[in-house]
1. Only one of these is closer than 29 Å to residue 62 by Cβ and touching a residue at least 40 places away in the same chain (Cβ under 8 Å): 294, 305. Name it.
2. What do you reckon, is residue 111 closer than 29 Å to residue 264 by Cα, touching a helix residue (DSSP H, G or I) at 6+ places or on another chain (Cβ under 8 Å) and within 14 Å of the ligand (Cβ to nearest atom)?
3. Of these, 257, 314, which one is away from the ligand (no atom under 12 Å from the Cβ) and modelled with pLDDT under 95?
4. Identify the residue in region 29-58 that is part of a strand (DSSP E or B) and either under 17 Å from residue 196 (Cβ atoms) or touching a helix residue (DSSP H, G or I) at 6+ places or on another chain (Cβ under 7 Å) (or both) and, among all such residues, is nearest to the ligand (Cβ to nearest atom).
5. Could you list all residues from region 189-207 that are under 24 Å from the mean Cα position of the chain (by Cα) and more than 14 Å from the ligand (Cβ to nearest atom)?
6. So residue 325 passes all but one of these: (1) under 22 Å from residue 1 (Cα atoms); (2) more than 11 Å from the ligand (Cβ to nearest atom); (3) buried (at least 18 other Cβ atoms within 10 Å of the Cβ). Which condition number does it fail?
7. Mind checking which pairs have a first residue in region 155-172 that is part of a helix (DSSP H, G or I) and a second that is surrounded by fewer than 24 Cβ atoms within 10 Å (Cβ to Cβ), Cβ under 7 Å, 6 or more apart or different chains?
Ligand SMILES: Cc1cc2nc3c(=O)[nH]c(=O)nc-3n(C[C@H](O)[C@H](O)[C@H](O)COP(=O)(O)OP(=O)(O)OC[C@H]3O[C@@H](n4cnc5c(N)ncnc54)[C@H](O)[C@@H]3O)c2cc1C
C-alpha cells in the first residue's frame, strides 16, 4: 500500500518504520522544519535546550526492548541527575522513584536525536502542513501547504492515511471519519510554557532538576547534567499547567519575564541570564486519554495514533504512550 503519515513525532515515526518494514511505501508529512515533534531540542549559539520532553521511562516490554536498541545504537543514555523538590528556595532530596520512574533516560546528544535517527530511512517531507484529508474514490488525497508553493498542493492518491498529531490537531484531519473526530474531541491536552535560560557561570545550585512547589514553574532542569550535552549552565523550566492555561495567549516576552522572576524566586539565585527565551507548547501533554491504543478503520483505511491513547499504561501524555500507540496502529494496518 501507498501510505501517508501526518506528523513526525515518535508515534508517526514508529508507525512509519513498521509499515515500511512490512513492505508498504510510506511518506511522512511534517509541518515543522525538523522531525521529532515534542521530543525537541532548540539549538542556540550557546548549545541545545531540551525545551519539550525532559526524559523518558520504559515500563512495558515492547518499549523496554526498543529503548535497549536505542541505547545500543548510542541514541539514548540514562540520566542520573540529582533531583530535588523545591519549595521557596528550600531544596529537599527526593527518592529515585518520586515520579514512579525506575530509570530516567534521555536521547543524546539532545532529545530530538532519537527522532532524527528514526527518520533516517524514511521519506519525510518537512515544512509540509497537511490542511485537509479528502476522499478520492477508495483512496485519499492530502491538501498540503508548503513554504515553496503559494497555494495548497494536492498529494496522493494514498491507499491509507495515518494521523499522528495531538488530538486537538487531529480533529479537523479526521473529518472524513466523523466517528474518529468525535473520539479525538473527547480527549483533552494541556498547554505548557517553557523557559530556556543560559548563564555565563555555574549557579552552583547543587541539584540538576527540581519539581517546584508554590511557583509559576512546576519543573526546572539543568540541561548540561544530561549525558553528552555541551558544557555550560543551561536551564529549562516548565510552567505549571494552571499558569500555562491562564497565560496561554501572553506574548513570549511577557511570559519569559514572568517565568524568569519565578526561576529567581524558586532557586534563590538572582544571577541574570545571558540568554533567555520562552516557548509555548499549545498541546503539551494529553491529560485525558482515550482508552485503547489507537484508532483504525480497516474499510476506510484511515487511523490515528499518538500520546493521547492509554496504550495499556497507567498514565498518558508520555513518550512511551506515543511509541506504543504508533506500534499498535502499524500492527492493526498489517
Ligand atoms: C513541555 C513538555 C514536557 C514533556 N515532558 C515529558 C517527559 O518528561 N516525559 C515524557 O515521557 N513525555 C513528556 N512530554 C510528552 C511527550 O513529548 C509526548 O508525549 C510525545 O513526544 C508525543 O509524541 P507524538 O508522536 O504523539 O506527538 P508529537 O511529538 O506532538 O508529534 C506530532 C507531530 O505532528 C506535527 N503536526 C501537527 N499537525 C500537523 C499537520 N496538520 N501537518 C503536518 N504535521 C503536523 C507536529 O509538528 C509534530 O511534529 C512532554 C511534552 C512537552 C510539550
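1. Only one candidate qualifies: 305.
2. For residue 111, the condition - closer than 29 Å to residue 264 by Cα, touching a helix residue (DSSP H, G or I) at 6+ places or on another chain (Cβ under 8 Å) and within 14 Å of the ligand (Cβ to nearest atom) - is not met.
3. Details: 257 fails: modelled with pLDDT under 95.
That would be 314, the only listed residue that is away from the ligand (no atom under 12 Å from the Cβ) and modelled with pLDDT under 95.
4. Of region 29-58, the ones part of a strand (DSSP E or B) are 29, 42-44, 47-49, 56.
Restricting the remaining residues to those that are either under 17 Å from residue 196 (Cβ atoms) or touching a helix residue (DSSP H, G or I) at 6+ places or on another chain (Cβ under 7 Å) (or both) gives 42-44, 47-49, 56.
On the way: 42: 12, 43: 16, 44: 17, 47: 19, 48: 15, 49: 11, 56: 4 Å.
Among those that are part of a strand (DSSP E or B) and either under 17 Å from residue 196 (Cβ atoms) or touching a helix residue (DSSP H, G or I) at 6+ places or on another chain (Cβ under 7 Å) (or both), it is 56.
5. Scanning region 189-207 gives 197, 198.
6. Only one criterion is unmet by residue 325, namely (2).
7. Close Cβ pairs satisfying both conditions: 167/187; 167/189; 168/189; 168/283; 169/283; 171/181; 171/185.
The values are calculated or read from the model by the stated rules, or taken from the named source; none is laboratory data. The structure displayed is predicted, hence computed values, not measured ones. Heads up, the Cβs are rebuilt from the backbone with ideal geometry, glycines too, and the neighbour counts pull from every protein chain shown.
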